[in-house]
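The values are calculated or read from the model by the stated rules, or taken from the named source; none is laboratory data. These numbers were taken from a predicted model, which means no experiment stands behind them. Every residue, glycine as well, gets a Cβ built from its backbone with ideal geometry; the counts of neighbours run over all protein chains shown.
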């Protein structure tokens, strides 16, 4: 009898799930930024729907980074000590991202138009692109050797046509 998945299929999936989560976060951030480019009334970009979408995105990104810091990064530091300097850099990025998310949240509450929010999201997009690319390059192979619950290790599961859990 042959198993339906190779023995390491579950292990490999964790690294792939990280890439899928990053892909979804990139797409959501691109959608948010594009929605702030709406022509017409300068305040049109800050509709209730956009504020809710932005808050949801920010919460998902924060859950992901908090999950990594308390889950996957902790486990990787124990099992692959040579990755500790990389993990420290990535955790430092998470602190910078959290600061940006706090500013975005404040701007969403205070701003009368989307320009200031767009500026923060543009900076966030540049930082995240560099961060995600570096993280994927440095950690996917190590993550592929780990077993565990993606919510515990990565903060969220890869979305299947919707928002991650």
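Would you mind finding the one in 88, 92 that is surrounded by fewer than 17 Cβ atoms within 10 Å (Cβ to Cβ), under 15 Å from the mean Cα position of the chain (by Cα), at pLDDT 95 or above and assigned to a helix (DSSP H, G or I)?
The unique qualifying residue is 92.
Please go through (1) surrounded by fewer than 15 Cβ atoms within 10 Å (Cβ to Cβ); (2) touching a helix residue (DSSP H, G or I) at 6+ places or on another chain (Cβ under 9 Å); (3) without any contact (Cβ under 8 Å) to a residue 60 or more places away in the chain for residue 99 and return the number of the only condition it doesn't satisfy.
Going through (1) surrounded by fewer than 15 Cβ atoms within 10 Å (Cβ to Cβ); (2) touching a helix residue (DSSP H, G or I) at 6+ places or on another chain (Cβ under 9 Å); (3) without any contact (Cβ under 8 Å) to a residue 60 or more places away in the chain one by one, residue 99 breaks only (2).
Please go through (1) surrounded by 15 or more Cβ atoms within 10 Å (Cβ to Cβ); (2) within 22 Å of residue 19 (Cβ to Cβ) for residue 50 and return the number of the only condition it doesn't satisfy.
(2)
Among the residues that make up the range 113-134, is at least one of them surrounded by 13 or more Cβ atoms within 10 Å (Cβ to Cβ) and either touching a strand residue (DSSP E or B) at 6+ places or on another chain (Cβ under 8 Å) or more than 30 Å from residue 47 (Cα to Cα) (or both)?
Checked against the condition, which is being surrounded by 13 or more Cβ atoms within 10 Å (Cβ to Cβ) and either touching a strand residue (DSSP E or B) at 6+ places or on another chain (Cβ under 8 Å) or more than 30 Å from residue 47 (Cα to Cα) (or both), the range 113-134 yields at least one hit.
Pick from the range 116-165 the residues that are assigned to a loop (DSSP other than H, G, I, E, B) and closer than 19 Å to residue 88 by Cβ: which of them is nearest to the chain's Cα centre (by Cα)?
155
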